[in-house]
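Comments concern the structure below.
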Amino acid sequence: MKVFYFLATLIIVVLLASCTNSTVSSTSTTTRYSKKINLLTPGTIQSQFTNEQDSVTNLTITGNIDARDIQYIRDSLPNLIVLDLSGASIQSYTGSHGTLPGITVNYSANEMPICALYNASSRLGKTTLDTLSLPTNLTAIGDSALDGCKAITGTFTIPSKVTTIGNGAFKNCLALTSSLSIPSGVTSIGDQAFQNSGFTGNLDIPSSVTHIGNSAFQNCSNLHGTLTIPTSITSIGDNTFFGCTSLTGALTIPNSVTMIGANAFGNDMSLKGALTLSNTLVSIGEAAFINCSQLNGNLNIPNTVTSIGAAAFQGCIGFRGTLTIPNSLTSISNQVFSGDTYLSGSLTIPSTIKTIGQAAFFKCKGLKGALTIPSSVTSIDDHAFEGCTGFISLSLPTSLKTIGNYVFNGCTGFTGNLTIPNSVTTIGNYAFNYCTGFNGMLTIANSVTTIGNYAFNGCTDLIGSLVIPNSVTSIGTNAFASCTGFKGTLTLGNNLNSINQSAFYNCTGLTGNLIIPNSVTILGPESFSSCTGFNGFLVISNAIKRLGNSAFYGCTGLTGNISIPNSVIYVGNYAFQGCTGFKGRVTLGSAVDTLGIDAFGGCTGLTGTLTIPSSVTLIEDYAFNGCSQLTGDLTIPNAVKSVGDYAFQNCTGLNGNLTIGSSVVAIGSYAFAGCSKIKALYSLPTKPPYLTGSDVFTNIPTSDKLYVPIGSGNVYKGTSQWGSFVIVEQ
């Protein structure tokens, strides 16, 4: 028994002796297992562990290690919280068992290896780690070395001997909120090096740095203070400082910089002060300074710049001085100054510019004076000057070919004449919409083929006559709607094919005859609605098939006859409603199929006999309501199946016979009410048409004879309203 106790005691002593480099501590919530290793031979750390890998939370390593040891720490210690490598020295290693398993890599000495604590296969960082100390003799931090180590917090120091910080080295280290101190010997900061990291404090970039990669400090929103870019930098990459929302102060781009990448300073909304650009700068990338809303003063772009990307200065509402565009540019890109509402003074566009991009000066309403587009410009793209209310005059060059959509939309300050030069072929949608200040003549070049939707809508003060040249083939929807200032005649070119919806709606000042040339095949709804000033004859193209709804609605001044050409098959709803000025006959073409709702309603001046052609199959509600001066007989053709409500109500001048065609099956309420001078009725259907109301023939004398087909008399006599007349079979 004594021998047994002796052996047991000896085993315990030996075990305690072998654990002298390990300690166990506990709190009320967490048990931590600490381990210290002095590694003499790099690549052998695995041999220092038995079965405690899952238990180790704190690890301190001294001695020599390499990429194999770091790979083991990353992948085999699942609960590691604290890692102290300050006393370790990283040795070189070549092989496939390092931090990129299965790939043969030359790992350099004194470099935190590529993907040191980032598993490229799982795309996860060492998320359990909250405290990390790097080797003090480290000279480089490799690509993605600490990427995704989201829990590292507290004090963190980049070793003073580091000269290179690799791509994504500290990417997504969200909790790393200690002050960032970049060592004075660093020469290169890689792409995404600190992207989305939580570092705080001032961002001081040492003068030794010659390269800063794309997205290097992107979304480092906790870094603050004035940003000073070293004069050793020659280019600033894409997204380099994008989203650094706490950086403050003025911004000077040193003269060493020749290129600023896309989004380089985008959304850096706290930068406040003057922007000084390098005098050797060649290119400014897309959205480079987008939404830098507190940069202020003048915006001077040096003459060395040959390229400015789209939206480069969009939303920079703090600039309140003048804008200088260099003559080294050949184009002004899309949205480049869009929304810079407080830029002031006159705008000079250099004579080297060929194109002005979409929304280039959108709502730059502080720019003032004359806007002169130089003779080098061939196209102005959509929204280019939309909402620039401060300009007072506009001069367009003879080199211009295209005026895009919304180009001058809402530029209410323009005055004087508006001349579209002979080089222009297209005027885009809303091009001059609500340019209410133009108060002179409009001259459209004979090179224009298309006038877009709402092109001149609401230009209320344009004056004189309006001439649409022979080159124009299409006039868009609302193109000249509410241009109430025109006080002369309208001349439509002889190659015009389509006049679209509301094209001349409410042009109340146009006068004289309205002649729609025979080239026109499309006449849209409301195309001339409410043009009350026309006081001559109406001539409709013989190529039109459909007269759009309300096409001539309310044109009260048109006079003479209405002649619907033989090409027309549809007369739209309200097409001539309220055209009280017509004093002659209405002639319906031989192809008309449908007479729409209120098509001629209220045309109280129409005279003579109304002849409805045999092609008509449908007469809609109110079609001729109130046409009180129509006279003679009225015959509803045999092809008509129904007559709408109020269709001929109060046609009080009809003084002949009323004939109902043989195919009519229904007649609407008040269809012939008030036609008190009708002498006799002829109903050709053998079965009385259904009357939808009790008042279809109100005010037609019941003493009138109603002639019906032989053998149908008793049926008519027994039918309400029909039986009120004197029935005669024939």
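The values are calculated or read from the model by the stated rules, or taken from the named source; none is laboratory data. Given the structure is predicted, the values throughout are model-derived calculations rather than measurements. Quick reminder, even Gly has a Cβ in these numbers, built from the backbone with ideal geometry, and neighbours come from all protein chains shown.
Just checking, how many residues over segment 671-718 are part of a loop (DSSP other than H, G, I, E, B) and within 16 Å of residue 660 (Cα to Cα)? The total comes to 20. Residue 297 passes every criterion in (1) surrounded by fewer than 16 Cβ atoms within 10 Å (Cβ to Cβ); (2) assigned to a loop (DSSP other than H, G, I, E, B) apart from (2).
Residue pairs whose Cβ atoms lie under 6 Å apart, separated by 6 or more positions or on different chains, with the first residue in segment 212-231 and of a type in the set (Val, Ile, Thr) and surrounded by 22 or more Cβ atoms within 10 Å (Cβ to Cβ) and the second modelled with pLDDT of 95 or more and not in a loop (DSSP other than H, G, I, E, B), are 212/189.
Within segment 580-591, one or more residues are assigned to a loop (DSSP other than H, G, I, E, B), buried (at least 23 other Cβ atoms within 10 Å of the Cβ) and within 53 Å of the chain's Cα centre (by Cα).
Applying the condition of being surrounded by 16 or more Cβ atoms within 10 Å (Cβ to Cβ), of a type outside the set (S, T, N, Q) and farther than 23 Å from residue 614 by Cβ to segment 661-686 and asking which residue is farthest from the chain's Cα centre (by Cα) yields 674. Take the residues in segment 341-394 that are basic (Lys, Arg) and assigned to a loop (DSSP other than H, G, I, E, B), then tell me which one is farthest from the chain's Cα centre (by Cα). Looking at the filtered set, the residue picked out is 354.
Looking only at segment 129-144, filter to residues that are part of a loop (DSSP other than H, G, I, E, B) and small (Gly, Ala, Ser); which one of those is surrounded by the most Cβ atoms within 10 Å (Cβ to Cβ)?
Step one: list which residues in segment 129-144 are part of a loop (DSSP other than H, G, I, E, B), which gives 129-130, 134-139, 142-144.
Narrowing the set further to residues that are small (Gly, Ala, Ser) leaves 142, 144.
On the way: 142: 24, 144: 27.
Restricting to residues being part of a loop (DSSP other than H, G, I, E, B) and small (Gly, Ala, Ser), the top hit is 144.
The number of residues in segment 450-483 being at positive phi and either among the aliphatic types (A, V, I, L, M) or in contact with a strand residue (DSSP E or B) (Cβ under 6 Å, 6 or more places away or on another chain) (or both) comes to 1. For segment 447-491, a residue qualifies if it is in a strand (DSSP E or B), within 28 Å of the chain's Cα centre (by Cα) and crowded, with 22+ Cβ neighbours inside 10 Å, and the qualifying residues are 451, 475. Any residue in segment 697-711 that is surrounded by 19 or more Cβ atoms within 10 Å (Cβ to Cβ) and under 60 Å from the mean Cα position of the chain (by Cα)? Yes, segment 697-711 contains at least one residue that is surrounded by 19 or more Cβ atoms within 10 Å (Cβ to Cβ) and under 60 Å from the mean Cα position of the chain (by Cα). Of the set (1) in contact with a Phe, Trp or Tyr (Cβ under 7 Å, 6 or more places away or on another chain); (2) surrounded by 18 or more Cβ atoms within 10 Å (Cβ to Cβ), all apply to residue 689 but (1).
Only residues that are surrounded by 16 or more Cβ atoms within 10 Å (Cβ to Cβ), more than 25 Å from the chain's Cα centre (by Cα) and in a loop (DSSP other than H, G, I, E, B) were counted across segment 274-293, and they come to 5.
Of all residues in segment 646-659, which are in contact with a strand residue (DSSP E or B) (Cβ under 8 Å, 6 or more places away or on another chain) and surrounded by fewer than 24 Cβ atoms within 10 Å (Cβ to Cβ)? Listed by number, the residues that qualify are 653, 655, 656, 657, 658, 659. Looking across segment 73-92 at every residue that is touching a Pro at 6+ places or on another chain (Cβ under 7 Å) and not in a loop (DSSP other than H, G, I, E, B), the one that is farthest from residue 107 (Cα to Cα) is identified as 86. Test residue 104 against the criterion of being within 50 Å of the chain's Cα centre (by Cα) and hydroxyl-bearing (Ser, Thr, Tyr), and give yes or no. For residue 104, the condition - within 50 Å of the chain's Cα centre (by Cα) and hydroxyl-bearing (Ser, Thr, Tyr) - is met. One residue stands out among those in segment 603-653 that are in a strand (DSSP E or B) and among the small types (Gly, Ala, Ser): the one that is farthest from residue 561 (Cα to Cα), which is 642.
Could you count how many residues in segment 513-564 are at positive phi and touching an Asp or Glu at 6+ places or on another chain (Cβ under 9 Å)? Before the answer, list the steps.
Let us first name the residues in segment 513-564 that are at positive phi, namely 526, 530, 550, 554, 560.
Add one more test, that the residue is touching an Asp or Glu at 6+ places or on another chain (Cβ under 9 Å), and what stays is 550.
Residues flagged as at positive phi and touching an Asp or Glu at 6+ places or on another chain (Cβ under 9 Å) within segment 513-564 amount to 1.
Per the listing 427, 444, the residue uniquely buried (at least 18 other Cβ atoms within 10 Å of the Cβ), over 28 Å from the mean Cα position of the chain (by Cα), modelled with pLDDT of 95 or more and not polar (S, T, N, Q) is 444. Taking the criterion of being more than 21 Å from residue 42 (Cβ to Cβ) and in a loop (DSSP other than H, G, I, E, B), the residues of segment 100-128 that qualify are 120, 121, 122, 123, 127, 128.
Quick check on residue 406: is it assigned to a loop (DSSP other than H, G, I, E, B), buried (at least 22 other Cβ atoms within 10 Å of the Cβ) and not hydrophobic (A, V, I, L, M, F, W, C)? Yes.
Residue-level check: of (1) surrounded by fewer than 18 Cβ atoms within 10 Å (Cβ to Cβ); (2) on the phi > 0 side of the Ramachandran plot, residue 148 misses just (1). Look at residue 458 and say whether it is closer than 21 Å to residue 380 by Cβ and in contact (Cβ under 8 Å) with a residue 40 or more places away in the chain. Answer is no for this residue. Residue 170: buried (at least 18 other Cβ atoms within 10 Å of the Cβ), without any contact (Cβ under 8 Å) to a residue 60 or more places away in the chain, more than 28 Å from residue 47 (Cβ to Cβ) and over 42 Å from the mean Cα position of the chain (by Cα), yes or no? Criteria not met by residue 170.
Flag: residue 558 matches the condition of being hydrophobic (A, V, I, L, M, F, W, C), in a loop (DSSP other than H, G, I, E, B) and under 21 Å from residue 607 (Cα atoms).
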